[in-house]
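Some notes on the structure that comes next.
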Amino acid sequence: MIHIKKTEEIKNITKSCDILSQMYGYLARYIKPGVNLLDLDNMAERFIIDHGGKPACKNYNGFPKTLCISINEEVVHGIPNNRILNEGDIVSLDSGVIFNGYYSDSAYTFGVGNIDNKLQNLLDVTKQALLIGIQQAINGNRVGNISFAIDEFVRKNKYKTIVEYTGHGVGKFFHEEPAVPNQGKKK
C-alpha cells in the first residue's frame, strides 16, 4: 500500500534527501585515482552526522557501512574495503539518510579521472533514462508507464536494463511502495 505523505512528512523526507544529495556533491571532489573506499565511507558517515542525519545503510539488515560502493561491472551493494580507485574506473555510491525518522535513498555513479567514451556514454544514457522516468512520474500516470519509458530509452541506446533491482518509495521506512521496475508495460 502506498502511504500518502502529509506536508510535515514531505518536509522531513526532503531534508533527508538534501543531506544525501549534498553528501554526494561533497564526495565528488574526492572521487579520483588512489582514493581508498574506506576513506570515502568514513567521509560520507561524518558528513551525514555533521548535517543532522543518521546513515541509513549502516547496520541495515547487518550491512556494515554507510555507503554501498560498486566499481565497474559490479551492480550494487558492494561493501567498502581497502580497495583503491583507479584511473578509468566508474564507481557507484549508494546510500541513504535518516532525518527525524524519515529516509532518503539514492545512488550516483561517477567516472574516476578520465574514462573512455564507451563508459561515458553508459553514464550519460543511464542518467538520461532516470530523467525520462522522473518526467513520467506525474499525477495520474502508472508505474508501468514510467518503467516502459526507461526501458524503451535504454534499449534504443543499445543497452539493457537490470530486472532484479527496482526504484522505490521512501518515507518512514527505507524501502516503501511503490516499487518502480526498470521494465514495464504501458497502462
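Could you size up the charge dipole of the stretch 1-132 around its Cα centre, putting +1 on the beta carbon of Lys and Arg and -1 on that of Asp and Glu, and report it in debye to the nearest 20? Working shown, then result.
Numbers: 13 positive and 15 negative charges, 76 e Å.
My answer is approximately 360 debye.
Could you work out [θ]222 nm for the chain from helices alone, using -39500 (n - 2.57) per DSSP H run of at least four and dividing by all its residues? Round to the nearest 500 deg cm²/dmol. Provide the component values of the computation, followed by the final result.
Details: 4 runs with 70 residues, N = 187.
Taken over the chain, the calculation gives -12500 deg cm²/dmol.
Checking the a/c ratio against 1.5 first, then a/b against b/c, what shape does the Cα gyration tensor give for the stretch 6-92? Please report the intermediate quantities before stating the final value.
Values: a/c = 2.08, a/b = 1.77, b/c = 1.18.
Prolate.
Which is the longest part of the chain that has none of the GluC sites (Glu not before Pro) sitting in a DSSP loop with at most 16 other Cβ atoms within 10 Å? Provide the component values of the computation, followed by the final result.
Values: sites that count: Glu73, Glu74, Glu87, Glu164.
The segment 88-163 is the longest one with no such site.
Enumerate the calculated ³J(HN,Hα) couplings along the stretch 25-35 in order (Karplus 6.51 cos²θ - 1.76 cosθ + 1.60, θ = phi - 60°), each rounded to whole Hz, writing x wherever the residue is Gly or Pro.
Computed from phi, the couplings for the stretch 25-35 are x, 5, 5, 3, 6, 9, 7, 7, x, x, 7 Hz.
Pop a pseudo-label 7 angstrom from the Cα along the beta-carbon direction at both Lys172 and Asn42 and give the gap in nm to one decimal.
3.8 nm
Taking Rh as the Kirkwood radius computed over C-alpha pairs, what is the Stokes-Einstein D of the stretch 78-127 at 25 °C in a medium of viscosity 0.890 mPa s, expressed in µm² per second? The partial results should precede the final answer.
Numbers: Rh = 12.7 Å.
It comes out at roughly 193 µm²/s.
Could you tell me which of the pairs Lys6/Lys32; Lys5/Lys160; Lys11/Lys127; Lys5/Lys187; Lys32/Lys158; Lys15/Lys160 are separated by over 31 angstrom between their Cα atoms in the structure shown? Show your work: numbers first, answer last.
Numbers: Lys6/Lys32 41 Å; Lys5/Lys160 33 Å; Lys11/Lys127 26 Å; Lys5/Lys187 24 Å; Lys32/Lys158 28 Å; Lys15/Lys160 33 Å.
Going by Cα-Cα distance, Lys6/Lys32; Lys5/Lys160; Lys15/Lys160 fall outside the 31 Å limit.
How much net charge surrounds Asp151 when only other residues with a Cβ under 12 Å from its Cβ are counted (Lys, Arg +1; Asp, Glu -1)?
Numbers: positive: Arg155, Lys156, Lys160, Lys185, Lys186; negative: Glu152.
Charge balance near Asp151 sits at +4.
Using only Cα atoms, locate the centre of the stretch 80-116 and the centre of the stretch 10-56, then give the distance between them in Å, rounded to an integer.
So the two Cα centres are separated by 9 Å.
None of the figures in this text is laboratory data; all of them are computed from the coordinates on show. The shown structure was predicted, so the numbers you read here are calculated from the model rather than taken from an experiment. Note: ideal-geometry Cβ built from the backbone for every residue, glycine included; neighbour counts use all protein chains shown.
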